[in-house]
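Below you'll find the structure, written out as structure tokens, and then a few comments.
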């Protein structure tokens, strides 16, 4: 729908100063997940390589496998989930077609700093590589975090496809209204795949996106941030009081923790911990090792992910008592 594409273009200009042609630079997709899949299918060929940061959101690599593309992994490490610039540079080669950047990041809550994005941008330009960015948590930020859109950095406007959706910002994940925006040539390539995946997106939900959600006043986005900030702080407090080592997120609605020191000695990995926590405490979490490739699963076996997108209720995490 033209009105939806126009609303998405206005959103990009309103928050990022990004000017888009609603007719050629905006594609409505069936959620961001389908948008990423269409981007991988439409922008790569079998035998290409695509760089991803791990822990990596769990749909990206299956998308690549289905497209005949090889994932090239670069790990995020340390308290702030940073990458080694030299390690990233070493991942680029003659077969590299694209890099996927998820910021704010699922599962860690990392928000890529402008300086980190500049490193990525320089390497993309040096090696003539496309950037696919997944920015579904763009409005869920904490403390003084600022979301920088990679497409707005010098030299990246013509080589970046930005993907986002209504789901996280407006709490309508089942509506599956997403979008891919960028230069017309790249967006057209994404559409070539999209039209054979889902073909069309529900018109009434698109209309709701254009008429209501994307046109809400700035106060809505301010209140959203404050609401999630309060939830995040409450979860951080509960997790820290329970004895977890907590990696404080800067965005998204996830919190990663190191569970060692909380579980009994018989628990040796993230899956065992998740089962133990459900059975003994009645609280669910997600093991982190599935977000890593097979050879790197040891990097995630001491981590689990909690979510803060919950109704406020008394905490059950009282493991120290």
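Name all residues of region 219-233 having a backbone nitrogen under 13 Å from the label point set 7 Å from the Cα of residue 309 along its Cα→Cβ direction, giving them as ranges.
Hits in region 219-233 for residue 309 at 13 Å: 228.
In whole Å and largest first, what semi-axes does the C-alpha gyration tensor of the chain yield when each eigenvalue is scaled by 5 and square-rooted?
Whole-Å semi-axes of the equivalent ellipsoid: 32, 24, 17.
Which residue, 12, 38, 121, tops the fluctuation ranking in a GNM of the chain built on C-alpha contacts under 10 Å?
It is 12.
Top mean-square fluctuation among 110, 126, 176, Gaussian network model of the chain, C-alpha springs under 10 Å?
126
Largest first and in whole Å, what are the equivalent-ellipsoid semi-axes of region 176-321 based on the Cα gyration tensor, each being the root of 5 times an eigenvalue?
37, 23, 13
Could you work out the relative contact order of region 2-215? I mean the mean sequence separation of Cα pairs under 8 Å and 6+ apart, divided by the number of residues, in percent.
Here the relative contact order equals 28 percent.
Let me have the 222 nm mean residue ellipticity of the chain computed from DSSP H runs of 4+ only, each contributing -39500 (n - 2.57), with the sum over all residues rounded to the nearest 500.
Computed mean residue ellipticity for the chain: -11000 deg cm²/dmol.
Would you please give the FRET efficiency between residue 216 and residue 184, computed as 1/(1 + (r/R0)^6) with r the Cβ-Cβ distance and R0 = 22 Å, to the nearest 0.05?
Using R0 = 22 Å, I get an efficiency of 0.20.
If you average the C-alpha positions of region 65-80 and of region 291-313 separately, how far apart do those two centres end up, in angstrom?
Spelled out, the Cα-based centre of one part sits 16 Å from the other.
Antiparallel as a % of all DSSP beta bridges within the chain, to the nearest 5?
Antiparallel bridges make up about 50 percent of those DSSP assigns within the chain.
For helix 184-194, what angle does its Cα long axis make with the longest principal axis of the chain, in degrees from 0 to 90 and rounded to 10?
The angle comes out at about 70 degrees.
Readers should treat all values here as calculations from the given coordinates under stated rules, not as data from a laboratory. It should be emphasised that the depicted structure is a prediction, and the values quoted were computed from it without experimental measurement. Positions of Cβ are backbone-derived with ideal geometry, glycine not excepted, and every protein chain shown enters the neighbour counts.
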